[in-house]
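The values are calculated or read from the model by the stated rules, or taken from the named source; none is laboratory data. Everything quoted here is computed from the prediction, not taken from an experiment. With ideal geometry, Cβ positions are generated from the backbone for all residues, glycine too; neighbour counts draw on all protein chains shown. Side chains included, ligands, DNA and RNA excluded: accessible areas come from the protein's heavy atoms. Shrake-Rupley method; radii C 1.70, N 1.55, O 1.52, S 1.80 Å.
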Amino acid sequence: KADNAMYLAKKRGKNNFQFYVYENEDIMERRLKIEQGLKAALDNSEFELHYQPKIVLTSGEICGVEALLRWRHPELGVISPLEFIPVAEETGFIRKIGEWVIKEACRQNKLWQKSGLYIKVAVNVSSIQFEDDLFAERIRQALMESQLSPEYLGVEITESVMQNVELTSVTLHELKQLGVKVSVDDFGTGYSSLSVLSKMPIDLVKIDKSFIDEMLTDSNTASLVKTMITMAEDLELDIIAEGIENEQQVTFLIENGCQFGQGYLYSPPIPSAETEKILKQQLMPV
Ligand code: C2E
Ligand code: MG
Ligand code: MG
Ligand code: MG
């Protein structure tokens, strides 16, 4: 009996082991493909920026767009930034990719301006990029090269950046001097202390989608959202809600004093040509 049990355990163990190995091999192979693919992606022009409109909730007007990176892998197809950005951060490629994102956003925006479309474009910036001493200098250069004025570029950083208070504060002041506005993305999901936040020269906080998802069904989340809006008012920051998917959310946000929003209700991130069409309709009404 004991032998039999041992045999079964071994057999099952072995099967489990094999299953485990196979599953891991797939994951590791994909990860390796992504890592190796990132090296060539820039040279092969596999990256593209899509743009998601930011909306004035009370009027429905577009007041800006957020640039979101898309990668078309030759073999794996379109890969989400949620999957490849962490790999790019671990391998350091994020520096080059981030630089491309900034330059591309400036280039595109200048092109829009040449056809009479004036809109602010915000780019997402990884903490690794932001912690580079020369970050503000790189932004200045990108603006200079593209001839874009600073008020038409914004950067979105996450709360995790705030942990390095001294460095962050220096860079934020440099950006302020340049005239580039800074948003704190995914606000409420990290743990930035309010006292730190209040001392930093930031311009806008973005309430994370997870709060917007739950604020109508969970009263604690509703309170949190209201608190964030009040806090932003007190600190004289603008506040924008991320991931709005229905009208009831808009109503709640307007009633509680949140002026701006973005989300699938208005538009998902879309390619530059489509963005241009929408901007033409909205910014130059016939
Ligand atoms: P994020 O900056 O917080 O961007 C918001 C994400 O939510 C985007 O996903 C957007 O497509 C999605 N979203 C917007 N509205 C809705 C909605 O109503 N419903 C749902 N379900 N989703 C919505 P995406 O484009 O996949 O980007 C994910 C994250 O990847 C971004 O979060 C950002 O952290 C990062 N990311 C994207 N582009 C870049 C980039 O150029 N550089 C860096 N460092 N990170 C980037
Ligand atoms: Mg963002
Ligand atoms: Mg966000
Ligand atoms: Mg988010």
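Yes or no, residue by residue, for (1) farther than 19 Å from Gly257 by Cβ; (2) more than 14 Å from ligand 3 (Cβ to nearest atom); (3) loosely packed, with under 15 Cβ neighbours inside 10 Å; (4) at pLDDT below 90:
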{"site": "Val184", "(1), (2), (3), (4)": "no, no, no, no"}
{"site": "Phe187", "(1), (2), (3), (4)": "no, no, no, no"}
{"site": "Tyr191", "(1), (2), (3), (4)": "yes, yes, yes, yes"}
{"site": "Ser195", "(1), (2), (3), (4)": "yes, yes, yes, yes"}
{"site": "Met200", "(1), (2), (3), (4)": "yes, yes, no, no"}
{"site": "Asp203", "(1), (2), (3), (4)": "no, yes, no, no"}
{"site": "Ser210", "(1), (2), (3), (4)": "yes, no, yes, no"}
{"site": "Thr217", "(1), (2), (3), (4)": "yes, yes, yes, no"}
Filtered residue count, region 168-182, keeping only those that are modelled with pLDDT under 95 and either open to solvent by less than 10 Å² (accessible area, probe 1.4 Å) or at positive phi (or both): 1
Phe130 vs. criteria open to solvent by less than 40 Å² (accessible area, probe 1.4 Å), touching a Ser or Thr at 6+ places or on another chain (Cβ under 7 Å) and away from ligand 2 (no atom under 16 Å from the Cβ): no
Which listed residue, of Lys96, Lys110, is open to solvent by 40 Å² or more (accessible area, probe 1.4 Å), touching a Ser or Thr at 6+ places or on another chain (Cβ under 6 Å) and within 28 Å of Glu46 (Cβ to Cβ): Lys110
Conditions (1) part of a helix (DSSP H, G or I); (2) in contact (Cβ under 8 Å) with a residue 40 or more places away in the chain; (3) within 16 Å of ligand 2 (Cβ to nearest atom); (4) in contact with a Lys or Arg (Cβ under 7 Å, 6 or more places away or on another chain); number of the one not met by Gly154: (1)
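So that you can scan it fast, the table gives a plain yes or no per residue for (1) in a helix (DSSP H, G or I); (2) closer than 12 Å to Ser183 by Cα; (3) among the hydroxyl-bearing types (Ser, Thr, Tyr):
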position	(1), (2), (3)
Leu117	no, no, no
Gln129	yes, no, no
Glu137	yes, no, no
Arg140	yes, no, no
Leu148	no, no, no
Thr171	yes, no, yes
Filtered residues of region 133-167 (kept if crowded, with 21+ Cβ neighbours inside 10 Å and at pLDDT below 95): Thr158, Glu159, Val161, Met162
Residues being within 16 Å of ligand 1 (Cβ to nearest atom) and over 14 Å from Phe135 (Cβ atoms) - total across region 155-202: 15
Among (1) in a helix (DSSP H, G or I); (2) out of contact with any helix residue (DSSP H, G or I) (no Cβ under 7 Å at 6 or more places or on another chain); (3) among the basic types (Lys, Arg), the one test that Arg72 misses: (1)
Filtered residues of region 27-69 (kept if away from ligand 1 (no atom under 14 Å from the Cβ), β-branched (Val, Ile, Thr) and part of a strand (DSSP E or B)): Val56, Ile62
Residues of region 207-256 classified as of a type in the set (Phe, Trp, Tyr) and either under 20 Å from the mean Cα position of the chain (by Cα) or within 13 Å of ligand 1 (Cβ to nearest atom) (or both), total: 1
